[in-house]
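*Asks:* Pasting a structure below so you can have a look.
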Amino acid sequence: MAYPFQLGLQDATSPIMEELLHFHDHALMIVFLISSLVLYIISLMLTTKLTHTSTMDAQEVETVWTILPAIILILIALPSLRILYMMDEINNPSLTVKTMGHQWYWSYEYTDYEDLNFDSYMIPTQELKPGELRLLEVDNRVVLPMEMTIRMLISSEDVLHSWAVPSLGLKTDAIPGRLNQTTLMAMRPGLYYGQCSEICGSNHSFMPIVLEMVPLSYFETWSALMV
């Protein structure tokens, strides 16, 4: 959950989000080094006299400033491609949940169970209980087991939506007539909040997502009661 004046990303809960955080720090360090070098060169140009004017015509300099950016791009591209392939992998999911976007709420269906489905609406501000978060709480949370691979099937019945949970590194578009899929795995229990990240209409910011990650024994008890 993000907090006021937070500058960085939310704490990682899934292995994919941990990889994304590491890649973010990796790319940010490269940007910082490049910015420092450019600032240093600009300061030198403003404070010193040019004594070697023929340097700009040297073949060695042109070779360096052509090869060096290519190497930097490779150092950024390779980890990025690795994470992209990891995010698309589907490794024998233990549970499948189908998510449908509507104007403006989400509906969920546990496809491994016969009659386990429900709609999830945002709780209005005037109905919030003490300690609940405004614009983020829902009447029916998505309860899922932790430390298990879960497949989310995501689509929409009307307009474009986007199912996103930042702390899990998830953001998948819900497109009418198309079934997208993503996987998630939470390494610790807790509540994880997200919102529709697509401009799907006037109330698109009022269809939050709440995942409640619990131990497997608790999930089995909850699913038995819901069915």
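The values are calculated or read from the model by the stated rules, or taken from the named source; none is laboratory data. Being a predicted model, the structure only gives us computed values, none of them experimental. Cβ: placed from backbone, ideal geometry, glycine included. Neighbour counts: every protein chain shown. The accessibility values were calculated without ligands, DNA or RNA, using every heavy atom of the protein model including side chains. Shrake-Rupley method; radii C 1.70, N 1.55, O 1.52, S 1.80 Å.
*Asks:* How many residues are under 18 Å from Leu84 (Cβ atoms), touching a helix residue (DSSP H, G or I) at 6+ places or on another chain (Cβ under 9 Å) and not small (Gly, Ala, Ser) when one looks only at the stretch 13-29? Before you say what the answer is, go through the steps one by one.
*Replies:* Of the residues in the stretch 13-29, the ones under 18 Å from Leu84 (Cβ atoms) are 14-27.
Now narrow it down to the ones that are touching a helix residue (DSSP H, G or I) at 6+ places or on another chain (Cβ under 9 Å): 14-17, 19-20, 22-23, 26-27.
From the residues that got through so far, the ones that are not small (Gly, Ala, Ser) too are 15-17, 19-20, 22-23, 26.
The number of residues fulfilling the criteria is 8.
*Asks:* Give me the pairs: first residue in the stretch 91-113 and without any contact (Cβ under 8 Å) to a residue 60 or more places away in the chain, second residue among the basic types (Lys, Arg), beta-carbon distance under 6 Å, and six or more apart or on different chains, which are they?
*Replies:* Partner pairs satisfying both residue conditions: Thr96/Arg151; Glu109/Lys98; Thr111/Lys98.
*Asks:* Collect the residues in the stretch 1-51 that are surrounded by 10 or more Cβ atoms within 10 Å (Cβ to Cβ) and of a type in the set (D, E, K, R), keeping them in residue-number order.
*Replies:* Asp11, Glu18, Glu19, Asp25
*Asks:* Scan the stretch 80-112 residue by residue and report those that are among the hydrophobic types (A, V, I, L, M, F, W, C), farther than 11 Å from Thr149 by Cα and either surrounded by 17 or more Cβ atoms within 10 Å (Cβ to Cβ) or in contact with a Phe, Trp or Tyr (Cβ under 9 Å, 6 or more places away or on another chain) (or both).
*Replies:* Here is the first cut: in the stretch 80-112, the ones among the hydrophobic types (A, V, I, L, M, F, W, C) are 81, 83-84, 86-87, 90, 95, 97, 100, 104, 106.
From the residues that got through so far, the ones that are farther than 11 Å from Thr149 by Cα too are 81, 83-84, 86-87, 97, 100, 104, 106.
If the condition is that a residue be among the hydrophobic types (A, V, I, L, M, F, W, C), farther than 11 Å from Thr149 by Cα and either surrounded by 17 or more Cβ atoms within 10 Å (Cβ to Cβ) or in contact with a Phe, Trp or Tyr (Cβ under 9 Å, 6 or more places away or on another chain) (or both), then Ile83, Val97, Met100, Trp104, Trp106 are the ones that fit.
*Asks:* Look at Thr172 and say whether it is polar (S, T, N, Q), touching a residue at least 40 places away in the same chain (Cβ under 8 Å) and at negative phi.
*Replies:* Numbers: polar (S, T, N, Q): yes; touching a residue at least 40 places away in the same chain (Cβ under 8 Å): no; at negative phi: yes.
For Thr172, the condition - polar (S, T, N, Q), touching a residue at least 40 places away in the same chain (Cβ under 8 Å) and at negative phi - is not met.
The rows are residues; the columns are (1) in contact (Cβ under 8 Å) with a residue 40 or more places away in the chain; (2) under 17 Å from Glu147 (Cα atoms); (3) surrounded by 14 or more Cβ atoms within 10 Å (Cβ to Cβ).
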{"position": "Gly177", "(1), (2), (3)": "no, no, no"}
{"position": "Met185", "(1), (2), (3)": "yes, yes, yes"}
{"position": "Arg188", "(1), (2), (3)": "yes, yes, no"}
{"position": "Leu191", "(1), (2), (3)": "yes, yes, yes"}
{"position": "Gln195", "(1), (2), (3)": "yes, no, yes"}
{"position": "Gly201", "(1), (2), (3)": "yes, no, yes"}
{"position": "Glu212", "(1), (2), (3)": "yes, yes, yes"}
{"position": "Phe219", "(1), (2), (3)": "yes, yes, yes"}
{"position": "Met226", "(1), (2), (3)": "yes, no, yes"}
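*Asks:* Just give me the residues in the stretch 124-146 being touching a residue at least 60 places away in the same chain (Cβ under 8 Å) and either open to solvent by less than 70 Å² (accessible area, probe 1.4 Å) or not basic (Lys, Arg) (or both), in sequence order.
*Replies:* We begin by selecting, within the stretch 124-146, every residue touching a residue at least 60 places away in the same chain (Cβ under 8 Å); these are 133, 135-138, 141-146.
Result: Leu133, Leu135, Leu136, Glu137, Val138, Val142, Val143, Leu144, Pro145, Met146.
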